Every structure is written in C-alpha cells, then in structure tokens.
Amino acid sequence: MADAERFDAVVVGAGPAGTAAAITMAKAGLQVALLERGAKAGSKNVMGGILYNHYLEEIVGEDWKQAPLERPIIEERRWLMTAEAALGLDYKNLRNREHPHSYSVLRARFDAWFAEQAEKAGAFVVPETVVDRLIVKDGRVVGVSTGRGDDLYADVTVVCEGIGLGMGLLERTQINGRPLRRKLRADEVAMAVKEIMQLDSKLIEERFNCEPGEGCTIECFGDSTMGMSGFMFIYTNKDSLSVGGGALLSEFNKTLRTPNDLMEHFKQHPAVKPLLRGAQTVEYLAHLIPEGGHRGIPRVHGPGYLVCGDAAMLSNPVHREGSNLAMESGRIAGETVVHAKEAGDFSERRLAEYRGRLDHSWIMADMKKYDKAVPLLEHNPQMLTKYPAVADRALDEFFRVDGTSKWDKQKRILRMLRKEGMLKMGWDTFKAVWAMK
Ligand SMILES: Cc1cc2nc3c(=O)[nH]c(=O)nc-3n(C[C@H](O)[C@H](O)[C@H](O)COP(=O)(O)OP(=O)(O)OC[C@H]3O[C@@H](n4cnc5c(N)ncnc54)[C@H](O)[C@@H]3O)c2cc1C
C-alpha cells in the first residue's frame, strides 16, 4: 500500500456511489483507496436494474459507451394488476433509439467494469477487504480498520457502504456518544428479491415485442405485491430477464408473508407466466432498499467523513431510481474532497460544501417531492387492492360485448363506482397527486 497507508481519501464500498467518488478524486490526482468487501466489485450487489447513462457519462465521459450495458430501454410498461387482469400504460418512445437514457444492466458485470475505470484513473482498488470499523480520534473520523488487520488513514473517509442496516458502519460508529446514523425503522426499508432468468435473446425480443438488441421494462403494482406497498418488475437483458420486486419490511412483518411468497405469486400471474415460460433461474438475490424519504436522510457530512448513495438513504423508489442518486452524490462528494485538498482544509465546515451542493441539486428536490409517497401507499392499502379491482370491473363492463347497450353499460359503471365510494376514491386520488406534487 501507498505511503505508510495514508491516503487523501479512503472510500468504503465499490458500488455506484463509492466508485463514482473514487474516480472523481483519482482523476484530480488525489491518492485514493477504494475498499470493497466482495471478491470483486459487484459480486455482492443487487439492482433491478435500470441504469441511467447521463450520470455515468458525467463521470467517465465518452467511455460510458464501453460499459457492459445489456439493452437500451425503448419501452416502459406499467401494469396495475388484479388476480385476473392487468391494466396497462405502455409507452414506446422511438426517440430512445437515437438517444437512449437508460439501459438494463447486470451489476456483477457493470460494477466490475466501473471499478476498473477507478483503477485506470489511479485509484488503489482493494477487493476482498471488509472495513470492520471507522477509526475515530478526538471526535473525528481519521481512517478505517480492515478485516485484513490493516489500518488506513485518510484526510476524508467517504462512506458508500450501501444501506448497511443494523450491521453497517454508520450505525455502529459514534462521535461524542451519538451514532452517525440512527437505527432505521421497518417502514423506512424495503426488502427486495430478484431472479436472473436465462432466456434466448430471440425469444425475449418476440415475447416482449422488441427489435433486436432493444429492451423494455414492465413494472407491476397491486395484486403483484399481494397488495403490499411496493412493486414487481421484469427487465429485459441481452439473454436473460431480471424478475423481482419487493415491499416495505413493515408490510412483510404485518402480513407474515416472505419475499419468496411475493416472487412465486408474481411468477404465477396469468399475464406474467407466459413471458417467463422456459426461462431458467440462474441466480437468486435479495437486498434492502432505503425508502425513508427526505426525512430519513442522516447527516451526510461530519468531521472527517462524507456519506453517499444508499448509505445516505438517497433513493427514489417511485421512479425506481437509486443508482443515479448514488453516482451523483458520489461525484459531488469526490469534488468536495478535491476542493478541500486544493484549499488544504479538511475541516467539517469545508466538507459542508457537500451537503450544500446536495441541497441545491435535483437529488434533494426529488427526495423532498416524494417524501410522502411511500407512507401514503402504506397507510392507504385500498389504493393497491380495492381501486385496481374497481377499475378492472369497470373496464370489464366497458369492453365486454354482451347485448347490453352502451348507455346501460355506462349507467352500470356509474352505479358501481357510486357503491364503491366514488367520493373517497376521488379524495384518495387527490391525496396521491398532492403527495407527489
Ligand atoms: C432489487 C433492487 C432493484 C433496484 N433497481 C434499481 C433500478 O432499476 N435502477 C436504479 O437506479 N436503482 C435500483 N435499485 C437501487 C440501487 O441498486 C441502489 O440505489 C444503488 O446500488 C446504491 O448504490 P451504493 O453505491 O450507494 O450502494 P451499493 O450498491 O449497495 O454498494 C455498496 C458497496 O459497499 C460494499 N460494502 C458494504 N459494506 C462494506 C464494508 N464494511 N467494507 C467494504 N465494502 C463494503 C458492498 O459490497 C457494495 O459493493 C435497486 C435496488 C434493489 C435492491
């Protein structure tokens, strides 16, 4: 290791946040160590996953085109499900062919490539190294102790350990008797599972109505999660499907269902089953997702440390965005350390630049905008159970050709809506729109 194991910055975790921070600092000539517990970057990571190339380009420039991306996403489908129906909103945008803004990825491949870019930029990437604890001296984080028995010292430690629920460094480290992040509640975290299912690329294109090499997403609400607050998904990769989804931990606790129940239920849905026919599960993965909203964000800077990505609870489950918040926060943290190095000042006040820039970025604007969205669904289960069923019945009536006049059908639908509580439905719709305004 470099100079008596002293670095300008030590980064914990080679996920999108940590690697983005490491590349940014290494490119500016800083001595950076990027520590990853996995055998290689990505080997322990889980994502749906759709990656947004704009943020990648901001970090690696034109090299983003060399990244191991699976398929550009040309079509986005959203389905509201009942046990026997799927009500869809499908958006095929052909402009995405010329200017794709998102791609399906497999994290084991993508993270490994991204960490290589950090190495090329000059960062010292150390896999198979667990950071056991943050070293705190005189009320300041001054480095890390690793499971290999090394202590690494740095002017700034950038914590990008992912959500780290319960076992994480942030929850275990205290400064002046206070943990760096409080314990998370079960309604601030979702449990997600995912299967990678191998399927011939031509079959994928036929079944999902995609041109060769192109991809689509399907996200399913309502019955797909057995009415719990969350969603299920199918994303098309080159020759596999990413199938999964999740719900709040508090909902699993309440319903005594397991993530596996959810997965099996989803795969058996009549609208889903034919899409997966013959696909072989080659990997089964599970991971947690932070869903605490703006109010769940911990202190993201302090004496000697910065916190990025999932560790800082930066995620937007409504738009299934997380990797981009991770990369962007990692990049801004990296730039903050570069500025601190230029100024020769690593004080907490100087590191506050990170929080200030986050506060003025789209990240915090989005975190505030969707702050109430997850609790709204959790406390109004009718939005994912009763209302899809009402919509299903209304559409069944509307489309069914059965000798009834259209006037009579219209009357029947209105009668049914009145009986089911049209005013309450209107009020709930208003609340949903208000929560996301
Ligand atoms: C099922 C699922 C689907 C998702 N789908 C999407 C999607 O489609 N699009 C999207 O943008 N986001 C999605 N997300 C969210 C996205 O995966 C995260 O927001 C993103 O990975 C956060 O990046 P990160 O770098 O902060 O954390 P992580 O990706 O969790 O990376 C943390 C890294 O730190 C390492 N680490 C942890 N502790 C230590 C330690 N003590 N010592 C050394 N290394 C350590 C880990 O091994 C890991 O490599 C999804 C998440 C899940 C679970």
* Asked: Would you say Lys424 is more than 31 Å from the chain's Cα centre (by Cα) and modelled with pLDDT under 95?
  -> yes
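For the stretch 1-117, which fully contained helices (runs of 4 or more DSSP H) count at least 2 residues that are surrounded by fewer than 21 Cβ atoms within 10 Å (Cβ to Cβ) and of a type outside the set (Lys, Arg)? Don't jump to the end; show me each part of the working.
Details: elements: 16-27, 53-60, 95-98.
Where helices (runs of 4 or more DSSP H) fall fully within the stretch 1-117 and carry at least 2 residues being surrounded by fewer than 21 Cβ atoms within 10 Å (Cβ to Cβ) and of a type outside the set (Lys, Arg), they are 53-60, 95-98.
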* If you check Asp396 against the conditions, is it over 26 Å from Gly302 (Cβ atoms), out of contact with any helix residue (DSSP H, G or I) (no Cβ under 9 Å at 6 or more places or on another chain) and crowded, with 18+ Cβ neighbours inside 10 Å? -> no
* Asked: Which of (1) surrounded by fewer than 23 Cβ atoms within 10 Å (Cβ to Cβ); (2) away from the ligand (no atom under 16 Å from the Cβ); (3) farther than 19 Å from Ile50 by Cβ does Cys210 not meet, given it meets every other one?
  -> (3)
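Take Met228 and decide whether it is in contact with a strand residue (DSSP E or B) (Cβ under 7 Å, 6 or more places away or on another chain), modelled with pLDDT under 95 and more than 11 Å from the ligand (Cβ to nearest atom).
Details: in contact with a strand residue (DSSP E or B) (Cβ under 7 Å, 6 or more places away or on another chain): yes; modelled with pLDDT under 95: yes; more than 11 Å from the ligand (Cβ to nearest atom): yes.
It is true that Met228 is in contact with a strand residue (DSSP E or B) (Cβ under 7 Å, 6 or more places away or on another chain), modelled with pLDDT under 95 and more than 11 Å from the ligand (Cβ to nearest atom).
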* To do: Check whether at least one residue in the stretch 360-370 is open to solvent by less than 40 Å² (accessible area, probe 1.4 Å), part of a loop (DSSP other than H, G, I, E, B) and farther than 27 Å from Ala28 by Cβ, and report yes or no.
  => yes
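Just one of Ser347, Ser323 is surrounded by fewer than 21 Cβ atoms within 10 Å (Cβ to Cβ) and either within 22 Å of Arg185 (Cα to Cα) or modelled with pLDDT of 95 or more (or both); which is it? Spell out how you get there, then give the answer.
Numbers: Ser323 fails: surrounded by fewer than 21 Cβ atoms within 10 Å (Cβ to Cβ).
Step by step, each of Ser347, Ser323 is checked, and only Ser347 is surrounded by fewer than 21 Cβ atoms within 10 Å (Cβ to Cβ) and either within 22 Å of Arg185 (Cα to Cα) or modelled with pLDDT of 95 or more (or both).
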* Structure fact -> Restricting attention to the stretch 375-407, the residues that are of a type outside the set (D, E, K, R) and touching a residue at least 24 places away in the same chain (Cβ under 8 Å) number exactly 15
* Check the stretch 181-190 and report whether any residue there is closer than 30 Å to Lys267 by Cα and within 11 Å of the ligand (Cβ to nearest atom). => yes
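State yes or no: is Thr19 polar (S, T, N, Q), touching a helix residue (DSSP H, G or I) at 6+ places or on another chain (Cβ under 6 Å) and within 11 Å of the ligand (Cβ to nearest atom)? Write out each step before concluding.
Values: polar (S, T, N, Q): yes; touching a helix residue (DSSP H, G or I) at 6+ places or on another chain (Cβ under 6 Å): yes; within 11 Å of the ligand (Cβ to nearest atom): yes.
Yes; evaluated as a whole, the condition is true for this residue.
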* Structure fact -> Over the stretch 118-134, the set of residues crowded, with 22+ Cβ neighbours inside 10 Å, more than 26 Å from Gly48 (Cβ to Cβ) and more than 10 Å from the ligand (Cβ to nearest atom) is Ala123
* Residue match in the stretch 135-146 (condition: assigned to a loop (DSSP other than H, G, I, E, B) and either within 12 Å of the ligand (Cβ to nearest atom) or among the hydroxyl-bearing types (Ser, Thr, Tyr) (or both)) -> no
* Pair list, Cβ < 7 Å and 6+ apart or interchain, from the stretch 41-66 residues that are hydrophobic (A, V, I, L, M, F, W, C) to residues that are within 6 Å of the ligand (Cβ to nearest atom) -> Ala41/Ala14; Val46/Lys194; Val46/His287; Met47/Ser323; Ile50/Arg320; Leu51/Ser323
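Evaluate the following for Phe252: is it in contact with a Cys (Cβ under 7 Å, 6 or more places away or on another chain), more than 13 Å from the ligand (Cβ to nearest atom) and farther than 30 Å from Leu134 by Cβ? Step through it out loud before you land on a result.
Numbers: in contact with a Cys (Cβ under 7 Å, 6 or more places away or on another chain): no; more than 13 Å from the ligand (Cβ to nearest atom): yes; farther than 30 Å from Leu134 by Cβ: yes.
Answer is no for this residue.
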* Structure fact -> Among the residues of the stretch 93-111, the number that are charged (D, E, K, R), out of contact with any helix residue (DSSP H, G or I) (no Cβ under 9 Å at 6 or more places or on another chain) and within 14 Å of Ala67 (Cα to Cα) is 1
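Quick check: is even one residue across the stretch 62-69 among the small types (Gly, Ala, Ser), at pLDDT 95 or above and within 16 Å of the ligand (Cβ to nearest atom)?
Narrowing the stretch 62-69 to residues among the small types (Gly, Ala, Ser): 67.
Those left that are additionally at pLDDT 95 or above: 67.
Next, only the ones that are within 16 Å of the ligand (Cβ to nearest atom) stay: 67.
Yes.
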* Structure fact -> Among (1) closer than 29 Å to Ser240 by Cα; (2) near the ligand (Cβ under 9 Å from one of its atoms); (3) free of Cβ contacts under 8 Å to residues at least 24 places away in the same chain, Asp111 falls short only on (3)
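Could you tell me how many of the residues in the stretch 31-54 are farther than 20 Å from Leu199 by Cα and within 9 Å of the ligand (Cβ to nearest atom)?
Filtering the stretch 31-54 down to residues farther than 20 Å from Leu199 by Cα leaves 31-45, 51-54.
Add one more test, that the residue is within 9 Å of the ligand (Cβ to nearest atom), and what stays is 35-38, 41-45, 51-52.
Selection size over the stretch 31-54: 11.
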* To do: Spot the failing condition for Gly244; the list is (1) free of Cβ contacts under 8 Å to residues at least 24 places away in the same chain; (2) under 23 Å from Ala186 (Cα atoms), and only one is missed.
  => (1)
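What number of residues within the stretch 385-412 are over 39 Å from the mean Cα position of the chain (by Cα) and not polar (S, T, N, Q)?
Residues of the stretch 385-412 that are over 39 Å from the mean Cα position of the chain (by Cα), as a first pass: 400-412.
Going one step further and asking which of them are not polar (S, T, N, Q), we end up with 400-403, 406-409, 411-412.
Within the stretch 385-412, residues that are over 39 Å from the mean Cα position of the chain (by Cα) and not polar (S, T, N, Q) number 10.
The values are calculated or read from the model by the stated rules, or taken from the named source; none is laboratory data. Bear in mind that the values here come from a model prediction, so they are computed numbers and not experimental data. Note: ideal-geometry Cβ built from the backbone for every residue, glycine included; neighbour counts use all protein chains shown. These area figures cover heavy atoms from the full protein model, side chains too; ligands, DNA and RNA do not enter into them. Shrake-Rupley method; radii C 1.70, N 1.55, O 1.52, S 1.80 Å.
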